[in-house]
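Undergrad: Here's a structure for you.
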Amino acid sequence: MIFGGNEINGVTFSATKNMKESKTNSKRLREYNITFMEEDADRLLLPHNGALVISLNVLYFKIKGVLVDLGSSANIMQWRVLEQAKLTRSIIPATKLLFEFNLTSVTTGGEILLLTNAKGVMKTTLFEVVDGDIGYNIILGRPWLHEMKVVPSTYHRLFKFSTPEGIKQIRGDQPAARDMNAISISSSKGKERAA
């Protein structure tokens, strides 16, 4: 343990103490046991080995083609989605390099804070903005999934999370996942032919 000084990693001792106190005093949401049953998979089309793709309310828009990606360390949104929603003026200029993204590295065009609504649970969410085709309108990564305390099941093609009213769930959109997969495969074949 390192002692001394009044600032560690850009956080002052008093700020750290305040954060610790606020975390200790914060009201905890009642936690429910989240389980998946075989019945959760009853309505699935077979085979069901595609990505977990959902629709999500962002501000007052219902966005389709949202990938739930446990491997992503960022929440990502396409520039064109913000352009269609006339929200590009709200983008905060910031550049970050996303590695191993879409089989390459990509530089972000900024970031934006937007309100997401998942079955009545509202969260202000930071999205990295990418100009270019990422295959999906939004990629929900671990920051959002952890904030929501989501428990996903790719086998059941849904995720569940606790709310004050009990457990809620969002089911994946299988036809959208298949369409997105078909688009990705056809666009990658076009790139191979061009090479």
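Undergrad: For the stretch 50-186, count the residues as N, evaluate 2.2 N^0.38 Å, and divide the Cα radius of gyration by that value, please.
TA: 1.01
Undergrad: Report the label-to-label distance for K64 and T104 in nanometres (one decimal), using points 7 Å from each Cα along the Cα→Cβ vector.
TA: With each label placed 7 Å out from Cα toward Cβ, I get 2.8 nm.
Undergrad: Where does each of E38, E111 land when they are ranked from fewest to most other beta-carbon atoms within 10 angstrom?
TA: Going from sparsest to densest Cβ surroundings: E38, E111.
Undergrad: Fewest first, what order do M148, M122 take by the number of other Cβ atoms within 10 Å?
TA: With the sparsest Cβ surroundings first, the list reads M122, M148.
Undergrad: Sorted from fewest to most neighbouring beta carbons within 10 Å, what does the list L103, L44 look like?
TA: So the residues, fewest neighbours to most, are L103, L44.
Undergrad: For a quick protection proxy, order the peptides 69-79, 45-55, 131-141 by their average other-Cβ count within 10 Å, most packed first.
TA: Output ranking for 69-79, 45-55, 131-141: 131-141, 69-79, 45-55.
Values quoted throughout were computed directly from the atomic coordinates according to the rules given, and no laboratory measurement underlies them. Source: prediction; values computed, not measured. Reconstructed Cβ throughout: ideal geometry from the backbone, glycine too, with neighbour counts over all protein chains shown.
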